[in-house]
Amino acid sequence: MAKRSLKPGEKLLAYGTVIFILLLVLSPHIGLLLLSFGTIWSFSPLPDGYTLQNYIVMWQNSKTFILNTILYAGIAATLDVIIGTAIAYIVLRTGIFGRKGLDYLATAALAVPGVVLGIGYLRTFHSIDVPFVGEPLASWWVIIAMALMIRRLPYALRACTAALQQVSLALEEAAECLGATKRRTIQKIVVPLMTGGILAGFVTSFATAAVELSATIMLVSSNNDAPLAYGIYLFMQTPSGRGAGAALGIVAVIVVAAGTLASQIIIERDKKLKSSGEVH
Amino acid sequence: MNKAGIKIENLHLSFGSTEVLKGVNLEIEPGEFFAFLGPSGSGKSTLLRAIAGFGPTPKGRILISDRDVVGLDPWKRNVGMVFQSYALWPHMNVRNNVGFGLRERKTPTDQIRQKVDAALELVGLADLAERMPNQLSGGQQQRIALARTVVVEPEVLLLDEPLSNLDASLRIQMRRELLRLQRQLGLTTIFVTHDQEEANTTSDRMAVLDAGIIQQIGSPQQLYDTPRNLFVANFLGTANILEGKVEADGDDAQFLTKTGDRLSLPKGSAAAGSNIVLRPQNITISDKKGRNSLPGKVLHREFLGSQIRYLVNAGGAEIVVDQSHSSGKDWFETGSAVHLVANTKSAVVL
């Protein structure tokens, strides 16, 4: 597209608008950043002094939170892309009755607020004990990962559906003609060609599950089982913990930003590989 | 090398409530180069895909080497297909693309290497084995797709509009190469195309399809010279069709056009019919009235180099006449009154 050059006045207006909107959007981030590096910040516009102490405190106290987060979000995102790929394949490539319903069902999680989902799990699994562990299912840590999985499934499903749509049917038929069964075709052709999209879906699901609080807040039964977002919530309960809580918040922002960026890069690279492979 | 005959018996196929193939009967000889020719929507690709095992399961029988394959999964058929889009897998290099079918057949690794090299040699691209598909030109991708298919030694080779994505000059080169390869391997081959020139130049015999029905089967010359119906006459080359009726008087038969002109028909031509088909090269244009001539008026004239194509209003139709051109030869001007002399020996009454 052709680019136009702006007059000084227009430039000022354009920059002004963009900066104003960015400030509105980013002011919480800026506040959080200042809080995480500040010593005391109460009645002045800016903190009284700056320190790295908050990050040290945060690191000492939230190793469990971070490890839990990686575990939960990792399980959730992995299951999401596996289920997402399966549903995408069933919806796009088979004629099974009710396949559309499966799609809607998976997407329905979007319509349920996280807190509601959490309460639902609590009520449903309250009196069901996990075999061998003896705890009620509702307070077992695995239920947190399950809730995150359900919450992120719609996004993973979209990513997997888009990835499968990119794989032309002729590529599968060519394999079948050459003696590959359906299972072998999925294994050797379909899934490898979906890798980029699946990976992007994984990263997005992981990053957003990592900072999810709404469902988690209902399901965390002990601080030892708490993930990162719950950790921020705990820190924020005490005035002295705010700095460290803010530091953990910055970690969360970085996780999501890095995840989003990674997913963009993966998608772009994947697109390049496929588009240049096409015939003109 | 495998040589398989194909026999298709009373094949019906529907997509939902739309019937796409309506009772196809066909026999293809072992080692034959056969073409399915027809306009889009005629069912030619559907028929090809049914032979490969794709699409809805048809009713009827498809016998490959006397084995009925209807309802059999594609991977159990040993039928090789080259797709219009080539369908090379973008995540595998050329060697792995070509070796895929052999790996699926559990061929020993050293043999795979040998066979892949031989197949690449066959299509003249031995030096591209390590390239990725997106580093190849359209023509190269086409050859790799061919190599990938023939390397598994299928009983039947199916080609679905394989030349339609190539530019004109490459298309002519590729179709010669296809024919050479087919003769060399002796593979029973079916070629689907909507381009009559491609079908004419490559195939031993062809089937012209329209509306899910085979209109006629025969060699390209047979179909061109003696079309069985108006669709075939029109689809293969340019056909001038005059309406009218046949008047027989003993051995002597004449075709009476709507405009009352008479063309005498050779002995043994069809005794009935309401159309006469004349090819543009079987009519000469003249300023004098003669035997078997029709009066007309030149509507349009095109200079094509080796010949001049006239569009003449005569016998109640607009008739295309091709006259060979050589320098110094006179032209008939647009609007001038002329006489068309028909060579009724090559005419077909339908």
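Here are a few things to note about the model shown:
- Lone qualifier among B:Thr334, B:Thr238 - being among the β-branched types (Val, Ile, Thr), outside any strand (DSSP E or B), closer than 28 Å to B:Gln222 by Cα and modelled with pLDDT of 80 or more: B:Thr238
- Per-region count, the stretch B:286-306, residues within 31 Å of the chain's Cα centre (by Cα) and surrounded by 15 or more Cβ atoms within 10 Å (Cβ to Cβ): 1
- Where B:Leu102 falls short, out of the listed (1) more than 13 Å from every other protein chain (Cβ to nearest Cβ); (2) buried (at least 22 other Cβ atoms within 10 Å of the Cβ): (1)
- Residue in the stretch B:120-142 that is nearest to B:Leu166 (Cα to Cα), counting only those that are among the charged types (D, E, K, R) and either touching a residue at least 24 places away in the same chain (Cβ under 8 Å) or within 14 Å of chain A (Cβ to nearest Cβ) (or both): B:Arg131
- Filtered residue count, the stretch B:337-350, keeping only those that are part of a strand (DSSP E or B) and surrounded by 14 or more Cβ atoms within 10 Å (Cβ to Cβ): 7
- Candidates B:Leu146, B:Leu163, B:Leu159, filtered to the one that is in a loop (DSSP other than H, G, I, E, B) and either modelled with pLDDT of 85 or more or buried (at least 22 other Cβ atoms within 10 Å of the Cβ) (or both): B:Leu163
- Looking across the stretch B:221-255, just one residue is on the phi > 0 side of the Ramachandran plot and either charged (D, E, K, R) or touching a strand residue (DSSP E or B) at 6+ places or on another chain (Cβ under 6 Å) (or both), and that is B:Gly244.
- Residues (within 26 Å of B:Glu121 (Cα to Cα) and buried (at least 23 other Cβ atoms within 10 Å of the Cβ)) located in the stretch B:183-202: B:Leu187, B:Thr188, B:Thr189, B:Ile190, B:Phe191, B:Val192, B:Glu198
- Residues being out of contact with any Lys or Arg (no Cβ under 9 Å at 6 or more places or on another chain) and within 13 Å of another protein chain (Cβ to nearest Cβ) - total across the stretch B:105-114: 2
- In the stretch B:38-96, the residues that are surrounded by 22 or more Cβ atoms within 10 Å (Cβ to Cβ) and in contact with a His (Cβ under 9 Å, 6 or more places away or on another chain): B:Gly38, B:Ser42, B:Lys44, B:Pro58
- Criterion applied to A:Thr85, A:Thr107 was being in a helix (DSSP H, G or I) and crowded, with 19+ Cβ neighbours inside 10 Å, and the one residue passing it is A:Thr85.
- Criterion: surrounded by fewer than 20 Cβ atoms within 10 Å (Cβ to Cβ), more than 14 Å from the chain's Cα centre (by Cα) and closer than 13 Å to B:Phe36 by Cβ - qualifying residue of B:Ile241, B:Ile217, B:Ile213: B:Ile213
- In summary, strands (runs of 3 or more DSSP E) completely within the stretch B:186-231 and bearing 2 or more residues that are under 22 Å from B:Gln84 (Cβ atoms) occur at B:188-193, B:205-210.
- Note on the stretch B:311-333: residues that are exposed (fewer than 15 other Cβ atoms within 10 Å of the Cβ) and in contact with a helix residue (DSSP H, G or I) (Cβ under 9 Å, 6 or more places away or on another chain) amount to 1.
The values are calculated or read from the model by the stated rules, or taken from the named source; none is laboratory data. This structure is a prediction, so every number in the text was calculated from the model and none was measured. Don't worry about glycine lacking a Cβ; one is built from the backbone with ideal geometry, like all the others, and counts go over all protein chains shown.
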